[in-house]
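Right, I'll just put the structure down here and ask away after.
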Amino acid sequence: MTIVETRSKRGDASDGALGGRLSRVDGPAKITGEATYGLEYHPEGMVYAVLVQSTIASGRVRSIDATAAEAAPGVLLVMTPENALPIKSATDWLETPPSEAPYEPLAREVTFSGQHVAAVIAGTFEQATAAAALLKITYDETKAITSLDDPEAGIGIPIDQMTVEWGDAEAALATAPVRIEGEYRTPREYNVPIEPHGLIAEWKGDTLTVWEPSQWIDGMARTYAEWFGLPFENVRLVSPYIGGGFGSKALPLEHSAVAINAARMLGRPVKLAVTRPQTFTAFGGRPATRQTIALGATREGKLLSIVHRSANETSMKDIFVEPLGSVTSLMYETPNLSSRQNVVRVNTVKPGALRAPGENPSAFGIECAIDELAYKVGIDPLEIRLLNYAEQDPHAKKPWSTRRLREAYAAGAEAFGWSKRHPQPRSMREGNQLIGYGVAAGTYPVRRTPGEALVRILSDGTVEVASSSIDMGQGTYTILAQTAAEAIGVPVDAVRVKLGDSALPRAPVAGGSQLANLMTGAVHKAALAARDELIGLAINDPNSPFRNLQANTLVVEGGQIASPRDAGSGIAIAEVMQRIGRDRIEALRDTLPENLRNEKDHFRNFTTITTMRSPTEGDYSLHSWCVHFVEVRVDEDFGTVRVARMVSALDSGRLYNPKLAESQWKGGIIMGIGQALLEEGTIDSRHGRVMNNNLGDYLVPTNSDIPDLKVISVGIPDTNASVLGGKAVGELAIVGVAPAIANAVFHATGKRIRDMPITLEKLI
Amino acid sequence: MTNRTTIQLEINGQTQALEVEPRVTLLDALRDHLQLTGTKKGCDQGQCGACTVHVDGERVLSCLTLAAQAEGRKITTVEGLSGPGGELHPVQAAFLEHDAFQCGYCTPGQIMSAVACIREGHAGSDDEIREYMSGNLCRCGAYPHIVEAIREAAKVMS
């Protein structure tokens, strides 16, 4: 039975339907302190672990003298590689088979400063912290390569998979009437979620419970099961609230292995909270990057060639690629392009994903370069973007599913007042403040992994939605409640959403801005199935009040079931459930294709990323788009830069809840302002230490750094991109912010700053 | 250092006795000893504001306050902000309405700071709110909505 009903929407805050501006359903718990985060559980008998990190960047741990620490009050265990129980290596997220060698989360061989080398577990946090300071560690130190610019670092390792080439870019560049070239750089940047990483681990026999903030419950649970040789079902990972992640809480990390192992060794629950300074090396943020971009163009500004060479730093043991050509080869039409990338080994923690990995620094390069070209040929920066507008995906040679970028340019320019811009740099001022207007575009792909959801209609007429997917502030709880409410036909406050527990139906990673689209799709499917079953029973059950109607369908709306001919005389779902003697109607549905609908592939789908579809798989190229217009004010004497206002127009397709989507967009824009003006990991070139490993020295935006931000949605539903028409939201809006600010700073000052952040010493 | 002392803390109108080492911070006393986990630990070194509580009506960073220092003073945490019937404080209600948070982790600290900011008379303009709320970091970037929420709550509270 297929039942399709169109429901009316009011489109205001009271509207629980999908697309309405409902306030967060998890909001009351968060504003009253009732929301319990991973590190806030208190299992009986819990003890505390504190990590000890290396003070050299390269070499070996020669000795750890734990005598004093072990004698300190309350100390239960000083864990080192020598006494830790063995842990097995695990399959990684790409489904690479594990190594035969054991996995050692505490290092014997040191490859970066701040690497975990020991842990102290004691009865209280204070005792563990005090005892950790008593460890005497000696090292055999070797010379470290501390940064991308270290003379010893070399040019790195070519990553052939990143090469994109068409036409003959070098030749076309050589003969182009207009050429520009620049090197664009971004420093090491950190995720800095306000909730630090950490976990509580408890063993009961051969079952393990972990309370831990996680962007990927099933992926991390799989790793934990493999590390400790457990069946997947024996691991329960609980993560109902996550205090921010921005890419950093999706993969299993060393500190988690340490805590789980300590709990196993001691037979007691162990809590390990990574300290704020330790977070700067307990996982990697965005690696430092450099890109050389050469553009060849006609005298009118039409692109003839793009030659792009880039590199990002990676760690000594792993290869992390920040895809620096992702926007370069996508944003503009050009007959010739060559993009290649290397990675360079330095003594750092393995870099990781930070909001729009790849697209973010890639856009910084190309969006600054196109701005430079606009000045070179003497046309408006907005005009040059329209002149080189890509009507189809220039790399995949496929049509866009939707690309409302032209609409975004128009809407953003109008709202910003772009036409008031005087074209000459240093031509707009107010007192000693130089005023600059800048523009830059951004994009983020639509990633797609199949999902799964359980929807349950209960005897009291309420609805439950269950999934191991997570909400770290994107609004998952809220939009899934809206989805189920709309699909079934109940008020949104009758829906209860349970997330963040590996005991619930599976979910893939909350990353790549894919979760909202895949989960609304899965919940929609399961909710329609539950509704169909409810209507079927209401029509056919001998005890149903609708039995005598001889209807072939019924309407469900506002929690009432009614005949389509007499919609006003509904009977509450609860009453119908009671009459037909059912305590629940339940539908578990996934959106896996038929060929993956078997136990092995089902597990693989949710615990690796091997089934994630690329944005160009299929007939279309699927991407979100945005443009940012920025006004900066630069103090002529001091070189201080303030963002005075911003207008951004964004195409994320259909918004499931505009109120929450706007918040995510603004959050991305604010992180982009920090990236442009403040954020930079500073590394001591002698010892390879992150010198500003705290929130007083690694500057993130504060409230007073942020002006009014206007965001405009120009998206339309895109059902090629997702079942319900949404595209990427969370990672989109940061892309393009930093180049828009850099372009505005050039317009204000006439100085082109090609390395972020744009700090005052670069301007005076 | 294993000596413990018994201290009496008046938290949200209730006096509670707890036995702690003298070096235990007010933040850890609240979270680990009294299971009042609404107050958050973001940095443990006075840089993020997530641990903001009120002591004798003024906002303080509980991570830089020893539990013993708070003895004999009135402590209010986010759990004590709602009315006796559970009705939301105007600042809480405004945070919900204006979507002034995402992940929710800095939120209790933001709310405690916001209540104090209004009470101090520092919510006179958007710029003033921004300045006096800059000790509370929000990495999700809810700042514009926090400003809106405080502006609205200040009207209700005046």
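Among the residues of region A:696-703, are any part of a helix (DSSP H, G or I) and closer than 28 Å to B:GLU148 by Cα?
yes
Is it the case that A:GLU322 is free of Cβ contacts under 8 Å to residues at least 40 places away in the same chain, buried (at least 24 other Cβ atoms within 10 Å of the Cβ), over 30 Å from A:LEU85 (Cα atoms) and more than 14 Å from chain B (Cβ to nearest Cβ)?
yes
Looking only at residues in region A:556-598 that are of a type in the set (A, V, I, L, M, F, W, C) and open to solvent by 60 Å² or more (accessible area, probe 1.4 Å), which one is modelled with the lowest pLDDT?
A:ALA567
While we're on this one: Give the residues of region A:601-636 that are closer than 27 Å to A:GLY653 by Cβ and assigned to a helix (DSSP H, G or I), sorted by residue number.
Residues satisfying the conditions are A:ASN605, A:PHE606.
Could you tell me whether region A:537-544 includes any residue that is touching a residue at least 60 places away in the same chain (Cβ under 8 Å) and over 20 Å from the mean Cα position of the chain (by Cα)?
Pass one, region A:537-544, residues touching a residue at least 60 places away in the same chain (Cβ under 8 Å): none.
Among the residues of region A:537-544, not one is touching a residue at least 60 places away in the same chain (Cβ under 8 Å) and over 20 Å from the mean Cα position of the chain (by Cα), which makes the answer no.
Checking A:ASN703 against (1) touching a residue at least 24 places away in the same chain (Cβ under 8 Å); (2) crowded, with 18+ Cβ neighbours inside 10 Å; (3) of a type outside the set (D, E, K, R): exactly one of these is not met. Which one?
(1)
Restricting to region A:199-221, and then to whatever is over 24 Å from A:GLN474 (Cα atoms) and open to solvent by 10 Å² or more (accessible area, probe 1.4 Å), can you tell me which residue is nearest to the chain's Cα centre (by Cα)?
Across region A:199-221, the extreme among qualifying residues is A:THR209.
I need the full set of residues from region A:368-393 which are assigned to a loop (DSSP other than H, G, I, E, B) and open to solvent by 10 Å² or more (accessible area, probe 1.4 Å), in order please.
A:GLY378, A:ILE379, A:ASP380, A:GLU391, A:GLN392
Return only the number of the condition from (1) away from chain B (no Cβ under 14 Å); (2) assigned to a loop (DSSP other than H, G, I, E, B); (3) of a type in the set (A, V, I, L, M) that A:ILE712 does not satisfy.
(2)
What strands (runs of 3 or more DSSP E) lie completely within region A:422-517 and have 3 or more residues being of a type in the set (A, V, I, L, M) and either open to solvent by 10 Å² or more (accessible area, probe 1.4 Å) or touching a residue at least 40 places away in the same chain (Cβ under 8 Å) (or both)?
A:433-445, A:452-458
Kindly provide the set of residues from region A:38-54 that are facing chain B (nearest Cβ under 7 Å) and within 26 Å of the chain's Cα centre (by Cα), ordered by number.
The answer is A:GLU40, and nothing else.
Can I ask one more? Suppose we filter region A:440-473 for residues that are over 25 Å from A:THR616 (Cα atoms) and either within 14 Å of chain B (Cβ to nearest Cβ) or not hydroxyl-bearing (Ser, Thr, Tyr) (or both); how many remain?
Result for region A:440-473: 16.
What pairs can you find where one residue is in region A:206-226 and under 16 Å from A:GLY511 (Cβ atoms) and without any contact (Cβ under 8 Å) to a residue 40 or more places away in the chain, the other is open to solvent by 10 Å² or more (accessible area, probe 1.4 Å) and not in a strand (DSSP E or B), and their Cβ atoms are less than 6 Å apart, with a gap of 6+ or different chains?
A:MET220/A:PRO252
A quick yes/no check of all residues on (1) farther than 27 Å from A:VAL192 by Cα; (2) without any contact (Cβ under 8 Å) to a residue 40 or more places away in the chain; (3) more than 11 Å from the chain's Cα centre (by Cα):
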| residue | (1), (2), (3) |
| --- | --- |
| B:LEU9 | yes, no, yes |
| B:GLN47 | no, no, yes |
| B:LYS74 | yes, no, yes |
| B:GLY83 | yes, yes, yes |
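The values are calculated or read from the model by the stated rules, or taken from the named source; none is laboratory data. Quick caveat, the model's predicted, so the values are computed rather than measured. Every residue, glycine among them, receives a Cβ derived from its backbone with ideal geometry; neighbour counts consider all protein chains shown. Accessible surface areas use protein heavy atoms only, side chains included; no ligands, DNA or RNA. Shrake-Rupley method; radii C 1.70, N 1.55, O 1.52, S 1.80 Å.
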